[in-house]
Amino acid sequence: MRLDEAHFTIFDVETTGLYPYSGDRICEIAAIKISPGSGKPARFHSLIDPERPISQGAFSVNGITDGMVLGKPTIEKILPQFLKFIEGTVLVAYNAGFDLGFLESSLGEDKDIIRDYFVIDALRLARRLFNGLARYNLGHVSESLGVKVSREHRAMSDATMAWKVFEKELDLLSREGIETVEEIAYVKTKNRAPIRKVKDYKLAVIEEAIRQQKKLNITYKSAWTNTVTSRVVTPKEIQKGYDRSYLVAHCHLKNAERQFRVDCITGLKVVK
């Protein structure tokens with residue numbers, strides 16, 4: 001599919017927390033659809049009642065309160081509208097694995113619907129195309145490229161920023177001679193890429209600990225802050241996300257269930 005003929009939907013979700021497979025949910029979704037030769041892009045936006053409290057951590061980032069979403073449509077009502085909006089388009093998101101993980105979790109048994117789309121991660125492209133930036137979070141990349149919007153960390157403003165960044169990425173890709181979606185999409189229709197492999201020993205150790213009902217001592221590097229912590233966890237299961245694996249476990253450091261990206265676990269051993 002030629003890039004200059006593709007219909008793109010750039011989308012973003014805001015959520016109640018970071019862990020879609022541990023109960024966190026979407027509380028806002030926005031999308032911008034760009035079609036070849038069209039003038040004004042089409043837009044989709046909705047606040048969503050997640051039917052659970054928004055965590056303090058999420059509120060500190062997106063500023064969405066429980067009161068703002070109370071009585072809004074639930075995700076079950078919004079998803080059919082969203083799926084109709086994105087039909088026939090190439091999906092684009094900044095840090096796509098995060099947004100797609102929440103969509104998959106919301107779709108439940110119908111999650112394969114979203115896996116049949118081409119997906120472009122604008123963050124991956126930014127790291128490749130914009131060398132030398134101090135950080136690659138959406139706000140910093142946008143500022144570095146001269147992209148400005150009214151507010152960061154709300155779904156429509158972040159989707160708008162991602163769209164403007166993606167436009168600049170497409171310009172650079174065209175200069176490199178890239179002409180097709182297939183050359184830059186990391187998931188392909190009907191032939192999607194498998195979950196990225198992590199060292200087999202990690203999954204083997206985790207699976208064995210689950211079978212033996214043993215605790216694990218893990219060293220974990222946060223993908224968000226790059227901080228490294230050591231903690232004891234009781235593993236419960238391994239979840240297969242959109243493009244990576246997650247360990248769902250009771251974290252004894254936080255005394256709560258948490259979700260850990262397996263590729264961010266830098267060390268682990270069974271607690272004797």
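The values are calculated or read from the model by the stated rules, or taken from the named source; none is laboratory data. Since we're looking at a predicted model, the values are computed, not measured. Methodologically, a virtual Cβ is constructed for each residue, glycine included, from the backbone with ideal geometry; neighbour enumeration extends over all protein chains shown.
Things worth noting here:
- Contact map, region 210-228: first residue at pLDDT 80 or above, second residue assigned to a loop (DSSP other than H, G, I, E, B), Cβ cut-off under 6 Å, separation 6 or more or different chains; pairs are Lys215/Val271; Asn217/Val271.
- Test result for Arg128, at pLDDT 85 or above and under 23 Å from Pro20 (Cα atoms): no
- Listing of helices (runs of 4 or more DSSP H) fully contained in region 96-172 that carry 3 or more residues being more than 22 Å from Ile29 (Cβ to Cβ) and in the same structural domain as Arg43 (by TED's automatic domain parsing): 122-129, 138-144
Condition check ((1) farther than 25 Å from Ile48 by Cα; (2) touching a strand residue (DSSP E or B) at 6+ places or on another chain (Cβ under 6 Å); (3) of a type in the set (S, T, N, Q)) across all residues:
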| position | (1), (2), (3) |
| --- | --- |
| Gly67 | no, no, no |
| Lys77 | no, no, no |
| Gln81 | no, no, yes |
| Leu103 | no, no, no |
| Leu107 | no, no, no |
| Leu133 | yes, no, no |
| Leu138 | no, no, no |
| Ser142 | yes, no, yes |
| Ser174 | yes, no, yes |
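- If only residues of region 64-97 that are among the small types (Gly, Ala, Ser) and over 19 Å from the mean Cα position of the chain (by Cα) are counted, the one that is farthest from Ala6 (Cα to Cα) is Gly67.
- Region 23-36, subset out of contact with any Lys or Arg (no Cβ under 9 Å at 6 or more places or on another chain) and modelled with pLDDT of 95 or more, residue nearest to Lys84 (Cα to Cα): Ile29
- Ser157 being modelled with pLDDT of 90 or more and exposed (fewer than 14 other Cβ atoms within 10 Å of the Cβ): no
- Members of region 37-60 that are under 16 Å from Thr9 (Cβ atoms) and modelled with pLDDT under 90: Ser38, Lys40
- Given (1) over 30 Å from Lys148 (Cβ atoms); (2) surrounded by fewer than 15 Cβ atoms within 10 Å (Cβ to Cβ); (3) more than 24 Å from the chain's Cα centre (by Cα); (4) modelled with pLDDT under 90, number of the condition Val232 does not satisfy: (4)
- Residue check for Asp49: of a type in the set (Asp, Glu) and touching a Cys at 6+ places or on another chain (Cβ under 9 Å): yes
- In region 1-73, counting only strands (runs of 3 or more DSSP E) that sit wholly within it, the ones holding 1 or more residues that are small (Gly, Ala, Ser) and closer than 19 Å to Ala93 by Cα span 26-34, 42-47.
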